[in-house]
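J.: One structure is given below, represented as structure tokens, and several questions about it will come after.
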Amino acid sequence: MSENAPSLFTRIISRDIPAEILYEDELCIVINDIAPQALVHMLVIPKQEIARLVDAGQADQSILGHLLLVAGEVARQFGVDDAFRLVVNNGADAGQTVFHLHLHILAGAKGSKEFLEADIGG
Ligand code: AMP
């Protein structure tokens, strides 16, 4: 794949690859993770390709804030706003497998340890 090839998530955003799209606005989408590690496992993905969190700069401040706000909004929408985790894997050694920034939203049944112990590293 060439260095400029669209990322997997860009191909999902452009409907080139199918996915369960749960939310979309002009800046991001939210999809169901294809290999869920918790009862609820969604990914918040900016439409702009930023490979890793550390590749974001000052100019990306508003999109980064937007992703957090959308995470809270969809957590509310899916009824898990009282108990969810947000995870960002930054770099292959931290378990990042798709090099297009994304936030994992993980939630399980109330009181369950399942999602607290979920290993979402690659
Ligand atoms: P990470 O390991 O942090 O880069 O997370 C990448 C996530 O993308 C993993 O949890 C994968 O299960 C998920 N994933 C990979 N391919 C797809 C796909 N086609 N649709 C939805 N989620 C995917």
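The values are calculated or read from the model by the stated rules, or taken from the named source; none is laboratory data. The structure presented is a predicted model; accordingly, all values stated were derived computationally and were not measured. Reconstructed Cβ throughout: ideal geometry from the backbone, glycine too, with neighbour counts over all protein chains shown. Ligands, DNA and RNA are stripped out before the accessible areas are found, and what is left, the full protein with its side chains, is counted by its heavy atoms. Shrake-Rupley method; radii C 1.70, N 1.55, O 1.52, S 1.80 Å.
J.: Would you confirm, using the coordinates I've provided, whether L27 is in contact with a strand residue (DSSP E or B) (Cβ under 8 Å, 6 or more places away or on another chain) and more than 27 Å from D119 (Cβ to Cβ)? Before you say what the answer is, go through the steps one by one.
T.: Details: in contact with a strand residue (DSSP E or B) (Cβ under 8 Å, 6 or more places away or on another chain): yes; more than 27 Å from D119 (Cβ to Cβ): yes.
Yes.
J.: Let me ask you something else. Output the number of residues of region 31-72 satisfying the condition of being away from the ligand (no atom under 11 Å from the Cβ) and open to solvent by less than 80 Å² (accessible area, probe 1.4 Å).
T.: First pass over region 31-72, keeping only residues away from the ligand (no atom under 11 Å from the Cβ): 39-40, 44, 46-50, 54-72.
In the following step, the residues that additionally are open to solvent by less than 80 Å² (accessible area, probe 1.4 Å) were identified as 40, 44, 46-47, 50, 55-57, 60, 63-67, 70-72.
Adding up the residues that qualify gives 17.
J.: Another question, if that's okay. Report yes if R76 is open to solvent by 50 Å² or more (accessible area, probe 1.4 Å) and either touching a residue at least 40 places away in the same chain (Cβ under 8 Å) or closer than 18 Å to F99 by Cα (or both), otherwise no. Give the steps one after another, and end with the answer.
T.: Values: open to solvent by 50 Å² or more (accessible area, probe 1.4 Å): yes; either touching a residue at least 40 places away in the same chain (Cβ under 8 Å) or closer than 18 Å to F99 by Cα (or both): no.
So R76 does not fit the description; no.
J.: So which strands (runs of 3 or more DSSP E) are wholly in region 1-92 and hold at least 1 residues that are within 13 Å of H104 (Cα to Cα) and hydrophobic (A, V, I, L, M, F, W, C)? Don't jump to the end; show me each part of the working.
T.: Values: elements: 21-24, 28-32, 40-46, 85-87.
So the answer is 28-32, 40-46, 85-87.
J.: Any idea which of (1) open to solvent by 30 Å² or more (accessible area, probe 1.4 Å); (2) within 12 Å of the ligand (Cβ to nearest atom); (3) touching a strand residue (DSSP E or B) at 6+ places or on another chain (Cβ under 8 Å) is the one H104 doesn't satisfy?
T.: (1)
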